Amino acid sequence: MYHVGSAVAWSDLFFFTALRSDASWSPRVALFGDMGNENAQSLPRLQSEAQQGMYDAVLHVGDFAYDMNTDDGLVGDEFMRQIEAVAAYVPYMTCVGNHENAYNFSHYKARFSMPGDDGANMFYSFDLGPAHFISLSTEYYFFLEYGMQQIRTQYEWLQRDLEMANQNRAERPWIVTFGHRPMYCSNDNSDDCTHRQSITRVGVPYLHLYGLEKLFYDSGVDLELWAHEHSYERFWPVYNEEVLATTASIPDEPSSLQTRNGSTASPYTNPRGPVHIVTGSAGCREGRASFRNESLPFSAFRSNEYGYTRINIFNSSHLYLEQVSDDQGGKVIDHMWIVKDTHGAYP
């Protein structure tokens, strides 16, 4: 139990449970992106669940307050007070989004304090149970007025961090990344993820430098978490716009279906590529994002209901993920298990 303050005034009393540093436990994580201080549909439920002890950490995958610099930072101040009912009780881990870009992301850098000293909160990593989490900035690729060097610096750091994470996979087998702008989406707009050569995926336009998809694939990343689109979308294991077959097989299924989706019964058992999740529907003044009439061949499930995502990493082989709908009073509208006998480079 703790409170903060000085001789002038003190905060309310808060409490938290210190996390175990070893890998032999099952962390529970809530994650979402694009939550503002207006229309924050997921916030009341997240506040309640955090104080009930349902989570060991929260991931906010970019775009805060809308915007933290608005009204000379007063909107950011109000947002920080709103998330206090979550962040005072569990680690509130972040990555930067496009709505934080003002003044070279200075409000974001000043308001949060993340692990490490390499990226001023813009990129870092941490271990949680049997998983290694990596937070990165997709915004470096879109705000080039702040320079190209930051892209190279982050990319080289990612290479080093992923190499070390792979050396440690006997202890922390899962590698999970989270960044704001997704590589893939089927939304009905002109955002980067709707383009075949998305910048996050293939790298700097025209030059195709520092693309993240090949790096993450070659490094055997298990799960990639994104936001930006004000919706939820789960994908089949995918690489380079191709759905990758799983090593599991079901004899009764047509071979054409096995080629496309692995198998409809167990597409996430020993998948042969990373699994992507887009979860940016926690609620903000911009509302929801609609989808194209036809989904992409590698899109497995999508919803534009307000909500957030939960992850439970049970052990070295089993990871469970579910999507909660705020529109339906907390109902789970999607879920999946990723089951992996081994972790590492994909075949």
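The values are calculated or read from the model by the stated rules, or taken from the named source; none is laboratory data. The shown structure was predicted, so the numbers you read here are calculated from the model rather than taken from an experiment. Here the Cβ positions follow ideal geometry from the backbone for every residue, glycine too, while neighbour counts run over all protein chains shown. Accessible surface is based on the protein model in full, side chains and every heavy atom, while ligands, DNA and RNA are left aside. Shrake-Rupley method; radii C 1.70, N 1.55, O 1.52, S 1.80 Å.
Listed values, structure above:
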read-out	value
The lone exception for Trp25 - which of (1) surrounded by fewer than 19 Cβ atoms within 10 Å (Cβ to Cβ); (2) out of contact with any Gly (no Cβ under 6 Å at 6 or more places or on another chain); (3) on the phi < 0 side of the Ramachandran plot; (4) not in a helix (DSSP H, G or I) it fails	(2)
Residue in the range 60-78 that is among the aliphatic types (A, V, I, L, M), under 20 Å from Tyr308 (Cβ atoms), open to solvent by less than 60 Å² (accessible area, probe 1.4 Å) and in a helix (DSSP H, G or I) present	no
Gln82 being under 20 Å from the mean Cα position of the chain (by Cα) and either assigned to a loop (DSSP other than H, G, I, E, B) or without any contact (Cβ under 8 Å) to a residue 60 or more places away in the chain (or both)	no
Exclusive hit being in contact (Cβ under 8 Å) with a residue 24 or more places away in the chain, of a type outside the set (Val, Ile, Thr) and in contact with a strand residue (DSSP E or B) (Cβ under 7 Å, 6 or more places away or on another chain), set Tyr2, Tyr89	Tyr89
Strands (runs of 3 or more DSSP E) completely within the range 93-209 that count 1 or more residues being in contact with a Phe, Trp or Tyr (Cβ under 9 Å, 6 or more places away or on another chain) and small (Gly, Ala, Ser)	124-128, 131-135
Residue within the range 165-179 that is open to solvent by 70 Å² or more (accessible area, probe 1.4 Å) and in contact with a helix residue (DSSP H, G or I) (Cβ under 9 Å, 6 or more places away or on another chain) present	no
Condition check for Asn168: farther than 23 Å from Arg201 by Cα and of a type in the set (S, T, N, Q)	yes
Search result, residues across the range 128-164 that are surrounded by fewer than 19 Cβ atoms within 10 Å (Cβ to Cβ), among the charged types (D, E, K, R) and under 24 Å from Ile311 (Cβ atoms)	none
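Yes/no matrix, rows are residues, columns are (1) part of a strand (DSSP E or B); (2) touching a Leu at 6+ places or on another chain (Cβ under 9 Å); (3) in contact (Cβ under 8 Å) with a residue 24 or more places away in the chain; (4) open to solvent by 60 Å² or more (accessible area, probe 1.4 Å):
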{"residue": "Val278", "(1), (2), (3), (4)": "yes, yes, yes, no"}
{"residue": "Ala289", "(1), (2), (3), (4)": "no, no, yes, no"}
{"residue": "Leu296", "(1), (2), (3), (4)": "no, no, yes, no"}
{"residue": "Ala300", "(1), (2), (3), (4)": "yes, no, yes, no"}
{"residue": "Asn315", "(1), (2), (3), (4)": "no, no, yes, yes"}
{"residue": "Met336", "(1), (2), (3), (4)": "yes, yes, yes, no"}
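Quick grid of which residues meet (1) touching a helix residue (DSSP H, G or I) at 6+ places or on another chain (Cβ under 8 Å); (2) surrounded by fewer than 22 Cβ atoms within 10 Å (Cβ to Cβ); (3) at negative phi:
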site	(1), (2), (3)
Pro205	yes, yes, yes
His208	yes, yes, no
Glu213	yes, no, yes
Leu225	no, no, yes
Arg234	no, yes, yes
